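Every read-out reported here was derived from the displayed coordinates using simple, explicitly stated rules and does not represent laboratory data. As the structure is a computational prediction, the values presented were derived from the model and not from experiment. Using ideal geometry, Cβ is built from the backbone for each residue, glycine included, and neighbour counts are taken over all protein chains shown.
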RNA sequence: CGGGGUGUAGCGCAGUCAGGUCAGCGCGCGUGCUUUGGGAGCACGAGGUCGGCGGUUCGAAUCCGCCCACCCCGACCA
């Protein structure tokens, strides 16, 4: 590859809309360009890096016994109507109509299509298990695309689907996929944390997310500092904290708290802290009002609440709904003497004393409140999010709460799709049974961005060897000096022959421009041909990742390049 | 979809409030010469329906209306 013959439009300035490093650098390094909100073109170097990621994914999938297929991106509505998801998926699905008025969508995922494909062969238990995957462009009409490749409307994903005659067999494949995902992340130099995850729209019983811990991640992850326990914050488990309430009893007392609504306001007014205030969050489910009580210093988890309620058909009470529920005084709701609402209590409230809560009367709170004496915390449920310092339910060590980028997600689906789609197999006893399924997704374009998030500095990208768009960049600083140009081209040819991919920068630009472009683009090894080559027949090598520099004689430099390249971890 | 904001040359921006040499700056781009070990210098030059449509006005990038696109916060979501 000759630099001047490849489209690599590098930019000096940060694009106005780039908020995170991967977005900025992939644009500035000339690897991709924005086309519309959440839609990107991959230019040659970006496409090459993406292909590296996808090949690693492909190799690990094949190694794990899966078979690659190619499903269409245009899905007929019919398949999605049968599974019921045509209606569930809502506006996130890109829908379109053909000239005959038939409805289609652009595939956001492909459970329906593979399931139908497999079911059509009416397999017997002897044909199972199978594990099919594809690496495809996916479409989801995200409410708000953002962060460059991290949240797109069109993105690249590997999606796999396994089919089994038994749940035991599903477990075995699930485990292999789990291991394959860990291997993929490792080969991509991504430090991944596997956590228990909510199943969302895909459904199923068991599910794990593969999270790369990062400050720019959109998910909140809770994990143990000591053991392997980790979970999405939406459903983590933690030991009830000991920070809430006091040990000693106080008399129940009503206090005037004019206009004080928030936990912090009330706490500071009463010279107390959020550790003593009962927080009340109001939700509406149909015509029922739900009051969820949690410790004042914690946040409520809507996923946990949904689990406790047995439905996700509820929403936070809106301003305009207040008049529908005159039984509560919004802002001053407390569990003492409350009626006409469905109340739920976080497990941490059990047996606590010396608490503060709303008095169910405008501008008044109670203090000295005691669970058991002044109200009963029933039903007692786990509905609060963890905070730093909570204790692990597995080993009792400290939990920490961090942000994470979800690169992969695997699910045990069971019969969720095979039943409605009537995907059956013939078991050994001759009976027809629904196929047991699993589904496994990993976002390859998101991985690419995540790799850049994890591997960059102020100068640009520092590609890990396995992902770099090319292996070696040869820079001729003075291409008008014939001996330099010849040396550059010779090294280029020899390295290609040796099986490496090479980018040759022989542009007639000043040295600084080429050095800076090289650092921005982040090719692992830079081969620098310049004055030293002309005057003393030596060539400098620079390792982008570490910044190390080496000077070698020009003769036999290829061996040195290969050694330096191989020594990079 | 609610709230906020932005659309002016390939990129980053000024100009808009007080309508009239306001079509401008930096970077980039082209040509020539001098340069070339960390974003070079000089000279000349190309490039813009000022997001779109309509309106007000003698006159609109600037004022008004509608629309579109994009960005941020939120709700939502693998």
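Structure summary
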item: Inter-part distance where segment A:105-125 and segment A:528-562 are each reduced to a Cα centre, Å; result: 55 Å
item: Highest average packing first - A:8-17, A:516-525, A:324-333, Cβ atoms within 10 Å; result: A:516-525, A:324-333, A:8-17
item: Exposure proxy order (Cβ contacts within 10 Å, fewest to most) of A:253, A:490; result: A:253, A:490
item: Packing-based order for A:343-350, A:81-88, using average beta carbon neighbours within 10 Å, highest first; result: A:343-350, A:81-88
item: Contour minus Cα-Cα distance for residue A:7 and residue A:91 (0.36 nm per residue); result: 26.6 nm
item: Debye-sum result for segment A:1-63 in log10 I(q)/I(0), which assumes one identical scatterer on each alpha carbon, at q = 0.12, 0.21 Å⁻¹; result: -0.37, -0.88
item: Relative contact order, percent, segment A:413-569 [alpha-carbon distance under 8 Å, six or more residues apart]; result: 19 percent
item: Angle between chain A longest axis and helix A:557-567 axis [Cα atoms, degrees, rounded to 10]; result: 20 degrees
item: Helix axis angle, A:444-454 relative to chain A longest principal axis, alpha carbon, degrees; result: 90 degrees
item: Inverse of mean 1/r across different Cα pairs in segment A:253-381, Kirkwood, Å; result: 14.6 Å
item: Debye intensity ratio I(q)/I(0), log10, chain A, q values 0.08, 0.09, 0.10, 0.11 Å⁻¹ (C-alpha model); result: -0.71, -0.85, -0.97, -1.08
item: Rg over Rh, two decimals, segment A:470-567 (C-alpha only, Kirkwood Rh); result: 0.91
item: Contact order relative to length of chain A, as percent, for alpha carbon pairs under 8 angstrom and 6 or more apart; result: 17 percent
item: Helix A:44-63 vs. chain A, principal-axis angle (Cα, 0 to 90°, nearest 10); result: 70 degrees
